[in-house]
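Where a number appears in this text, it was derived from the coordinates with a stated rule and is not lab data. This structure is a prediction, so every number in the text was calculated from the model and none was measured. Please note: Cβ atoms are built from the backbone with ideal geometry, for glycine as well, and neighbour counts cover all protein chains shown.
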Amino acid sequence: MKSPYISTIKLPQFSLWEKEKKAKNLISFDLEITARCNLNCRHCYVNLPVNDHGAKTKELNFDELKRIVDEAFSLGALWCLITGGEPLLREDFFDIYLYLKQKGLLVSIFTNATLITSRHIKLFQQYPPRDIEVTVYGVTEETYETVTRSKGSFKAFMRGLNLLLENKIKVRLKAMALRSNVGELAKIARFCRKYTKDYFRFDPLLHLRFDANPKRNEEIISERLDAAKIVEIEKRDSERSEALRKGCDKLINHKFGQYACDHLFHCGTGVGSFYVSYDGFLKLCSSLNHSECIYNLRHGSLHYAYKTFIPKVRIMRSGNPEFLTKCRRCPIINLCLWCPAHAYLETGRLDTPVDYFCKVAYARAKMLKPDFV
């Protein structure tokens, strides 16, 4: 079937962008080394069971990962994020981590911290990570395990987190804003800021599943906060609301209505970075899962993917009138949760408006400018 998206263009500014892009070195990349997780969080868009044989079979093996790392390093990469699933489930996690460090890369890790052991601590003390990011689902056992649906996970989380903190491993804490933990969100924020004074973020955007599992998608949607609640939380959080107000002029721009650009991608996705899924597919970012926007690294080189494939994706255009007249001319798109990747997960298309995202954007705009129409 013919693609609904146009992937060739002759506009001068984008051919210049391509020349600049081809000359630009890679800066960072993300390695999703497994989709399996020991938790079963209600909102998760990727996790599969620990003993999922199919998922384990699809995982890039150590030699495949080394090849990708070597190619990324040759392209100029400085930093790598190890993510999952829960990356500490990999039996060869230590080998993967050490290989990245031996290449001279800065290494970050996303983990739920429940599997941290003294052996991990020794590794991180000898070969320090750039940082370890841990998501805090709750600060009480009841709330935490309502989200994770895993008995004993709160104690395991606190034990792992304390091991990291007591041994001076650099930790960054973050949170997801869900219906299941919204009543505890202020306490979560205080908890996180107590231990990471220079860094804390929370995210109200819950992605739908990459595997499009209908039951799991229903669970995710049921955990989403409505627009009014998101704005209420952001307004109460002084750091978040102050950041929004400082950027108000950039976040609300009525000049956007004068533009007539039909390009799908206006973000920085794929510029200086990329994401590799556990089963070997290169993506411009972790959320962009459309079949025309992913490249199988098991069947081709990273050099080709980065220098040729990614620029082709970046110049994809839309012919959808609804998208072009609504999203592309919207003065508050920078307040919106919309992007091509999220649109695809919600609608099956890269260029379709999403009503829920619109509601959030307009609620934020009214908070920043009460007279906004």
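Some observations on this one:
- Remark: segment 298-373 carries a charge dipole of roughly 280 debye about the Cα centre, counting +1 on each Lys and Arg Cβ and -1 on each Asp and Glu Cβ.
- Positive-pole candidate from I220, A55, Y195, dipole of the chain, charges at beta carbon: Y195
- Cα-based reach from K246 at 20 Å (exclusive), listing aspartates and glutamates while leaving out same-chain residues under 8 positions away: D198, D203, E232, E234, D237, D371
- Shown here is the pair-distance distribution of segment 234-289: with all Cα-Cα distances grouped in 10 Å bins from zero up to the longest one, the shares run 18, 26, 33, 21, 2 percent.
- Table column - 3J(HN,Hα) (Hz), segment 214-223, Karplus curve with 6.51, -1.76, 1.60, x for Gly and Pro: x, 5, 5, 5, 4, 5, 5, 4, 5, 8
- Across segment 121-187, the convex hull enclosing all Cα atoms gives 87 Å³ per residue.
- Residue-span extension gain [R119 to D262] - 0.36 nm each, minus C-alpha spacing: 46.3 nm
- Expected-Rg normalisation [2.2 N^0.38 Å, Cα atoms] applied to segment 33-78: 1.48
- In Å, descending, principal axis extents of the Cα set of segment 199-292: 41, 35, 29
- Charge dipole (debye, nearest 20) of segment 57-135; +1 at Cβ of Lys and Arg, -1 at Cβ of Asp and Glu: 240 debye
- Using 0.36 nm per residue and subtracting the Cα-Cα separation, the extra length available between K312 and E141 on full extension is 56.8 nm.
- Rg [Å, one decimal], Dmax [Å, integer] - segment 148-223, C-alpha atoms: 14.7, 42
- Base-10 log of normalised Debye intensity for segment 58-147 (one unit scatterer per alpha-carbon) at q = 0.18 Å⁻¹: -0.85
- Placing a pseudo-label 7 Å from each Cα along the Cα-to-Cβ vector at E292 and K250 gives an inter-label distance of 3.1 nm.
- Counting every alpha-carbon pair across segment 276-369, the share separated by more than 17 Å comes to 56%.
- Mean separation of Cα pairs under 8 Å and 6 or more residues apart, divided by the residue count, gives the chain a relative contact order of 19 percent.
- Over the chain: Rg over Rh, Cα atoms, Kirkwood Rh: 0.95
- Separation in nanometres of the label points that stand 7 Å from Cα toward Cβ, at K326 and K168: 5.5 nm
- Ordering H290, G268, P353 by Cα displacement along the dipole of the chain toward the positive end leaves G268 in first place; charges were set at the Cβ atoms of Lys, Arg (+1) and Asp, Glu (-1).
- Equivalent-ellipsoid semi-axes for segment 317-373 (Cα gyration tensor, √(5λ), whole Å, largest first): 22, 12, 7.
- The dipole here belongs to the chain: it is taken about the Cα centre, uses +1 on the Cβ of Lys and Arg and -1 on the Cβ of Asp and Glu, and is about 800 debye.
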